[in-house]
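Peer 1: I have a structure here, written as structure tokens, and I will follow up with some questions on it.
The values are calculated or read from the model by the stated rules, or taken from the named source; none is laboratory data. Since we're looking at a predicted model, the values are computed, not measured. Don't worry about glycine lacking a Cβ; one is built from the backbone with ideal geometry, like all the others, and counts go over all protein chains shown. These accessible areas exclude ligands, DNA and RNA; they are computed on the full protein's heavy atoms, side chains included. Shrake-Rupley method; radii C 1.70, N 1.55, O 1.52, S 1.80 Å.
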Amino acid sequence: MEEHHSINEDRSLPSGRFNLRIEPELHASLREAARDAGTSLNDFCARKLASPGGPMDQAVGAVVDRAGSILGESLMGVVAFGSWARGEEAASSDLDVLVVVGEGVPIARGLYRSWDDGPALQWYGHEVTPHFVHLVSGSERISGLWAEVALDGLVLFERELAVSRYLADVRRRILHGELSYRVAGGQSYWVHEP
């Protein structure tokens, strides 16, 4: 009697580790590029492999590379938000990016100085403006910034879907009326409902 197995039955998830045999010159070049980016060779190669290289991907890659060169393995995610993400940008608009930092790294002016120390970063002619934040735990109050990012943010990079999951949780809270968007005197703000 013939046995039938489902396609996934005999497969397990790959370990995420593999060896790649490349020419020594290419290896040296990649190692140098990783060192210049301030990150490990593994992280550098993983980011390069995840970014296929088209024009949009090059712009995304430049933003993620800058954040990764500052934070290395502590980079949890990068999310574009604001007028550009909504498709409402003007010629003078900047591109706001939320740079999600691991808990072990304090949010301090030094992060912004490190970003500014590199060459000016442009996204199709728009200056890129970083906003460094920690991922908020489920028990903390949601800030207006996270609420805005949850509504119109575009995840450019993340580790282990942590950012996407948090943004989905914020959207659920908005949907259930726990957070409300208000405007007064031309200024918008978010209110936590009782």
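Peer 1: Looking only at the range 123-135, count how many residues are free of Cβ contacts under 8 Å to residues at least 60 places away in the same chain and either touching a strand residue (DSSP E or B) at 6+ places or on another chain (Cβ under 6 Å) or in a strand (DSSP E or B) (or both).
Peer 2: So the answer is 8.
Peer 1: Let me ask something else. Could you tell me which residue of the range 136-171 is farthest from V60 (Cα to Cα), considering only residues that are open to solvent by 50 Å² or more (accessible area, probe 1.4 Å), out of contact with any Lys or Arg (no Cβ under 9 Å at 6 or more places or on another chain) and in a helix (DSSP H, G or I)?
Peer 2: The selected residue is R171.
One line per residue, one yes/no per condition, for (1) part of a helix (DSSP H, G or I); (2) over 21 Å from W115 (Cβ atoms); (3) open to solvent by 50 Å² or more (accessible area, probe 1.4 Å); (4) at pLDDT 75 or above:
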position: T39; (1), (2), (3), (4): no, no, no, no
position: F44; (1), (2), (3), (4): yes, no, no, no
position: G53; (1), (2), (3), (4): no, yes, no, no
position: V64; (1), (2), (3), (4): yes, no, no, yes
position: G68; (1), (2), (3), (4): yes, no, no, yes
position: V78; (1), (2), (3), (4): no, no, no, yes
position: A85; (1), (2), (3), (4): yes, no, no, yes
position: E88; (1), (2), (3), (4): no, yes, yes, yes
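Peer 1: Here's something else I'd like to know. Contact list please: Cβ distance under 8 Å, first residue in the range 153-181 and closer than 16 Å to S74 by Cα, second residue open to solvent by 40 Å² or more (accessible area, probe 1.4 Å) and not in a helix (DSSP H, G or I), pairs at least six apart or on different chains.
Peer 2: Between residues of the range 153-181 that are closer than 16 Å to S74 by Cα and residues that are open to solvent by 40 Å² or more (accessible area, probe 1.4 Å) and not in a helix (DSSP H, G or I), the close pairs are E158/M76; R159/M76; A162/M76; A162/L135; V163/M76; V163/L135; V163/V155.
Peer 1: Restricting the search to the range 96-120, which residues are open to solvent by less than 40 Å² (accessible area, probe 1.4 Å), at pLDDT 90 or above and not in a helix (DSSP H, G or I)?
Peer 2: Here is the first cut: in the range 96-120, the ones open to solvent by less than 40 Å² (accessible area, probe 1.4 Å) are 96-102, 105, 110-111, 115, 118.
This time we only want the ones that are at pLDDT 90 or above, so: 96-102, 105, 110-111, 115.
Listed by number, the residues that qualify are D96, V97, L98, V99, V100, V101, G102, V105.
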